[in-house]
Amino acid sequence: MKRIYTLLMLCIFSMTLFAQTNPNRLLVRETTGNLKGYLVENIDSIFFDKEEGRVAADLEFLGYSTGETGDTIRLAVTRTEKCVAYRIMVVPTTVANRLNTDAAVGSYLEQKAPNLFYDNFTNAEMTGFDEPFKENSDYTIFTSGLDKFGISCSASRVDFHTPKTPVTGNPQVDYTIDDVTYNTVTITFRPNEDTGGYSYCLFDKGELQAQYEQFGAMFGFSSIGEMVRAWGIACESEYTYTYPDLKAGKEYDLFVQPWDVNGVNADMSLIPVMTKAYGGPGLAEVEISIGDFKANDEGRTYQLVTITPNENVSLYHAAVMEKDKYEQNGGDATMLEYLVNDKNPDNPWDQYWDMYGVDNSGWYVDPSKTYIVAVAAKNINNEWGPLATKEFTTPGAPKAAPAKVMRNGMQQRIAGAAKDGAKQLALPKMAVKKTGDGMKLIQK
């Protein structure tokens, strides 16, 4: 009760301040980030209430079928004692996994499925979906229970998987790896006569599931095979392709999704791929030299640093940090722990984290400060060598020269040259399976 009283007094005090400054809107921001506003002139009073008990519409999945009349879900819905009404919706499980709080579900259903239901069901049929369900895919049914004030409270969730459509024949794609270099892989695909077509897509080793969870909801994918088919290069017959701009000594997973003559997905196959690696089995070490201190056309200052690996280095990671911060954060031990990560801890999508050969890049720094360059390198056997460091102090005035493409590090880094031409995907808005006005929930 004390907390409620305190909140009430705070609200009254805030309204008093409002009156002094003549605002005419009352705004409430929810934990989901949604903002609700009210005209002050339309507000009669503000008060708090306390309700005991869970407010939800619990779900039980009873079955799924599809046919000429469309998709049908059988389910039971049971409202709790305090649940006056509820909203219900079906979404791909990739979308559902992002709605990880009751508030998030309630807000989402309020926007996407605003219709309210008031009845309990022991054996209901849910029909009338805007779009057909995809075969061999994961979906989730959500409800959000509303209390007597119309507030969305607890969510209920149940997952189900649609059956796989029988495949005609035995679609398969054989392959040969024709050539492997430090930066390319050439492969030839040979589909059999049962294959209506196929799509192939390359991922970093072990990254397929993470990519699906990251982007599946945005693209509306409800299965991994659907994602590979959509993102990959589609072919119908024998085809030879060379993957360019790969990283040296890196393992990749090449997934091939074939389909039959009717377009039904068959089993997906995995082709492990690895590029040639630089370096040797000995101790991986680098030399660091400090070049000119310059400024670009905008007046931003940077320090040229040259890193030269020995013959054993397969790849290396580098960072630049102010000396004071370097020492405060644990010095060499902490920096080595940071640099030996397979991905940039501050930016997992950093395309330039792995460095190869002699690198002569600029790093954005300030005049009249002391910095530490730190480099960790590993050999062809993935054994990390000792941490290499170099201290330098920037002068007060730089030489004038234009800077090139930026790269990321603990200090921002300027690339000496474009490395791999990586492009950023333009991601569409989240796609969902709607349960619009045509959706029906009928007791059977």
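The values are calculated or read from the model by the stated rules, or taken from the named source; none is laboratory data. Computed from a prediction, not measured in an experiment: that's the story for all the values here. Virtual Cβ from ideal backbone geometry, glycine too; neighbours counted across all protein chains shown. Please note that ligands, DNA and RNA were not included when accessible areas were found on the heavy atoms of the full protein model with its side chains. Shrake-Rupley method; radii C 1.70, N 1.55, O 1.52, S 1.80 Å.
Structure notes:
- Residues (part of a loop (DSSP other than H, G, I, E, B), touching a residue at least 60 places away in the same chain (Cβ under 8 Å), of a type outside the set (A, V, I, L, M, F, W, C) and touching a strand residue (DSSP E or B) at 6+ places or on another chain (Cβ under 9 Å)) located in the stretch 324-370: Gln351, Tyr352, Asp354, Tyr356, Gly357, Asp366, Pro367
- Selected residue (criterion: nearest to Ala277 (Cα to Cα)) from residues of the stretch 301-318 that are within 31 Å of the chain's Cα centre (by Cα) and either of a type in the set (A, V, I, L, M) or assigned to a helix (DSSP H, G or I) (or both): Leu315
- Residue list for the stretch 77-102, restricted to those being in contact with a helix residue (DSSP H, G or I) (Cβ under 8 Å, 6 or more places away or on another chain) and charged (D, E, K, R): Arg87, Arg98
- Sole exception among (1) part of a loop (DSSP other than H, G, I, E, B); (2) under 29 Å from Val91 (Cα atoms) for Ala248, by number: (2)
- Residue ID - nearest to Gln211 (Cα to Cα), chosen from residues in the stretch 88-100 that are open to solvent by less than 70 Å² (accessible area, probe 1.4 Å) and outside any helix (DSSP H, G or I): Pro92
- Residue in the stretch 117-126 that is in a loop (DSSP other than H, G, I, E, B) and closer than 21 Å to Ser223 by Cβ present: no
- Checked against (1) under 34 Å from the mean Cα position of the chain (by Cα); (2) open to solvent by 10 Å² or more (accessible area, probe 1.4 Å); (3) farther than 30 Å from Tyr175 by Cβ, Asp292 passes all but a single condition, namely (1).
- Residues in the stretch 390-416 that are modelled with pLDDT of 60 or more and open to solvent by 70 Å² or more (accessible area, probe 1.4 Å): Lys390, Glu391, Thr393, Ala397, Lys399.
- If the condition is being touching a residue at least 12 places away in the same chain (Cβ under 8 Å) and part of a helix (DSSP H, G or I), then the stretch 184-212 contributes Leu208, Gln209, Gln211, Tyr212.
- The stretch 103-114, subset in contact (Cβ under 8 Å) with a residue 12 or more places away in the chain and open to solvent by 70 Å² or more (accessible area, probe 1.4 Å), residue farthest from Gln214 (Cα to Cα): Pro114
Okay, residues lined up against (1) modelled with pLDDT of 95 or more; (2) exposed (fewer than 13 other Cβ atoms within 10 Å of the Cβ); (3) touching a Ser or Thr at 6+ places or on another chain (Cβ under 6 Å); (4) polar (S, T, N, Q):
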residue: Asn360; (1), (2), (3), (4): no, no, yes, yes
residue: Tyr364; (1), (2), (3), (4): no, no, no, no
residue: Val373; (1), (2), (3), (4): yes, no, no, no
residue: Ala388; (1), (2), (3), (4): yes, no, no, no
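- Single unsatisfied condition, Met321 versus (1) in contact (Cβ under 8 Å) with a residue 60 or more places away in the chain; (2) open to solvent by 10 Å² or more (accessible area, probe 1.4 Å); (3) within 32 Å of the chain's Cα centre (by Cα); (4) within 30 Å of Phe203 (Cβ to Cβ): (4)
- Looking across Thr308, Thr275, one residue alone is at pLDDT 95 or above and farther than 22 Å from Gly362 by Cα. It is Thr275.
- Qualifying position, being touching an Asp or Glu at 6+ places or on another chain (Cβ under 8 Å), under 27 Å from Gly225 (Cα atoms), not aliphatic (A, V, I, L, M) and not in a loop (DSSP other than H, G, I, E, B), among Tyr108, Tyr139, Tyr175: Tyr139
- If you go through the stretch 214-245 and keep only what is polar (S, T, N, Q), in a helix (DSSP H, G or I) and either on the phi > 0 side of the Ramachandran plot or touching a strand residue (DSSP E or B) at 6+ places or on another chain (Cβ under 7 Å) (or both), you end up with nothing.
- The requirement of being at positive phi, buried (at least 18 other Cβ atoms within 10 Å of the Cβ) and either of a type outside the set (Ser, Thr, Tyr) or at pLDDT 95 or above (or both) is not satisfied by Gly299.
- Annotation: of all residues in the stretch 130-157 being out of contact with any helix residue (DSSP H, G or I) (no Cβ under 9 Å at 6 or more places or on another chain) and open to solvent by 30 Å² or more (accessible area, probe 1.4 Å), the one that is farthest from Val105 (Cα to Cα) is Glu135.
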